Amino acid sequence: MPMKDIEALRKKIDQIDRSVARLLMLRIETVRKIGKIKKTNNAPALDRKREAQVINNVKKSSQNNKFIADIYRRIIEYSRKIQK
């Protein structure tokens, strides 16, 4: 593959990154809504059972389970902070 192909591939990465960022923002909006419901009902932000479900779901959806699970642990950690 010639070096000139790198620029085209980088543009593709940029598009993917923008899509990921939009989806993460949508996730954050949804997490905030869940946080409001939890606060109204005096429910804790931490739900280990649900967190395990999320990790298992994304692991099943990917080939690089450890990489995706690590990223989602960080996303969940941030989501918990939002819900407090």
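Assorted remarks:
Listed here are the residues, each with its yes/no results for (1) exposed (fewer than 11 other Cβ atoms within 10 Å of the Cβ); (2) of a type in the set (A, V, I, L, M, F, W, C).
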residue	(1), (2)
Asp14	yes, no
Leu24	no, yes
Lys39	no, no
Arg48	yes, no
Asn65	no, no
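- Residues that are within 9 Å of the chain's Cα centre (by Cα) and aromatic (Phe, Trp, Tyr), drawn from the range 70-84: Tyr72
- Every residue from the range 16-48 that is more than 17 Å from the chain's Cα centre (by Cα) and either assigned to a helix (DSSP H, G or I) or closer than 17 Å to Ser79 by Cβ (or both): Lys36, Ile37, Lys38, Lys39, Thr40, Ala43, Pro44
Every read-out reported here was derived from the displayed coordinates using simple, explicitly stated rules and does not represent laboratory data. All of these numbers come straight from a predicted model, not from anything done at the bench. No Cβ is skipped: glycine too gets one built from the backbone with ideal geometry, and neighbour counts run over all protein chains shown.
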